[in-house]
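The values are calculated or read from the model by the stated rules, or taken from the named source; none is laboratory data. The shown structure was predicted, so the numbers you read here are calculated from the model rather than taken from an experiment. Reconstructed Cβ throughout: ideal geometry from the backbone, glycine too, with neighbour counts over all protein chains shown.
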Amino acid sequence: MNAIITASDLMSELVGDQPPLLLDVRWQLGGPPGRPAYEAGHLPGAVYVDLDTELAGPAGPAGRHPLPDLSAFAAAMRRAGVGRERRVVAYDGGQGWAAARAWWLLRWAGHPSIRVLDGGLPAWTANGGSLTTDAPAEPEGDFVPEPGALPLLEADHAAALARRGVLLDARAAERYRGDVEPIDRVAGHIPGAVSAPTVDNATGDGHFLPADRLAERFAALGATRDAEVGVYCGSGVSAAHEVLALAVAGIPAALYVGSWSEWSAAGGRPVATGPQPG
């Protein structure tokens with residue numbers, strides 16, 4: 001199944017006999033919180049999911065958005081109505097990063113059918129979709145996580161992959177080079193990583209590039225179906241978007257969830273700066 005869905009296709013599915021469950025995952029780095037925006041208007045039937053508290057564990061040595069406690073994540077997903085057999089569509093405010101984090105977590109935890117609304121809420125309204133302030137009455141789901149369906153990298157694995165395969169750094173190029181570092185303690189990148197900013201996976205309005213163009217982009221960076229590919233970012237959110245873009249292009253990739261916020265927090269790990277060689 002394709003990892004993304006268009007607004008028009010979602011509209012058609014929602015009037016079918018077995019409509020998908022909608023998860024509203026609006027979030028922005030540094031705020032404001034997404035729940036007020038959700039309460040002001042959301043897709044009909046959508047349930048709000050908080051990225052910081054339900055799709056991540058507490059910030060600490062493992063990064064700003066480490067993996068959530070599995071039992072807490074399972075309980076949050078069941079409260080939202082996620083069931084093993086029910087299709088799920090996640091959306092956000094249009095950037096796609098938060099929705100991709102929900103996609104990656106549910107896929108990693110074994111859910112067989114989770115997609116992201118391409119272009120998010122703006123694509124929905126631009127296609128004539130309505131919004132509501134009504135609270136949905138979804139019954140509790142029966143989702144039981146079975147982690148491991150998508151590959152996951154720890155810090156040492158990411159370092160090794162940068163040497164033997166392709167490790168993509170999804171942050172802005174200036175953060176990769178170490179020119180600036182507005183968030184984390186140390187500027188630079190994991191030695192051997194390749195700069196591949198997530199923003200280049202999408203158009204200005206948040207829609208993913210076509211699959212063939214994404215494949216061309218990643219091939220130019222060395223990431224192909226035949227390569228071993230991993231991705232990291234600042235805290236495992238925009239990198240999830242890059243893993244999703246790779247999936248659209250037909251290229252499997254592992255996610256380093258701790259990402260630079262974990263790597264740079266631990267003293268003694270090597271740091272590279274400047275543009276990538278070649």
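One residue is enough: does segment 141-156 have a residue meeting the conditions assigned to a loop (DSSP other than H, G, I, E, B), surrounded by fewer than 24 Cβ atoms within 10 Å (Cβ to Cβ) and on the phi > 0 side of the Ramachandran plot? Within segment 141-156, one or more residues are assigned to a loop (DSSP other than H, G, I, E, B), surrounded by fewer than 24 Cβ atoms within 10 Å (Cβ to Cβ) and on the phi > 0 side of the Ramachandran plot. Among the residues making up segment 177-228, those that are more than 30 Å from residue 125 (Cα to Cα), among the β-branched types (Val, Ile, Thr) and either touching a residue at least 40 places away in the same chain (Cβ under 8 Å) or surrounded by 17 or more Cβ atoms within 10 Å (Cβ to Cβ) (or both) are 183, 186, 190, 194.
Filtered by the rule that a residue be assigned to a loop (DSSP other than H, G, I, E, B) and under 22 Å from residue 85 (Cβ atoms), segment 2-43 gives 2, 3, 15, 16, 17, 18, 19, 20, 25, 43.
Hey, could you check segment 13-36 for residues that are small (Gly, Ala, Ser) and closer than 21 Å to residue 134 by Cα and say which is surrounded by the fewest Cβ atoms within 10 Å (Cβ to Cβ)? Checking each candidate, the answer is 16. Could you please let me know if residue 63 is at pLDDT below 95 and either hydroxyl-bearing (Ser, Thr, Tyr) or within 17 Å of residue 238 (Cα to Cα) (or both)? Here the answer is no, as residue 63 does not meet what is asked. Here is the figure for segment 72-98: residues that are among the small types (Gly, Ala, Ser) and either outside any helix (DSSP H, G or I) or closer than 15 Å to residue 20 by Cα (or both) total 7.
Residues in segment 157-176 that are of a type outside the set (A, V, I, L, M, F, W, C) and surrounded by 18 or more Cβ atoms within 10 Å (Cβ to Cβ): 4 in all.
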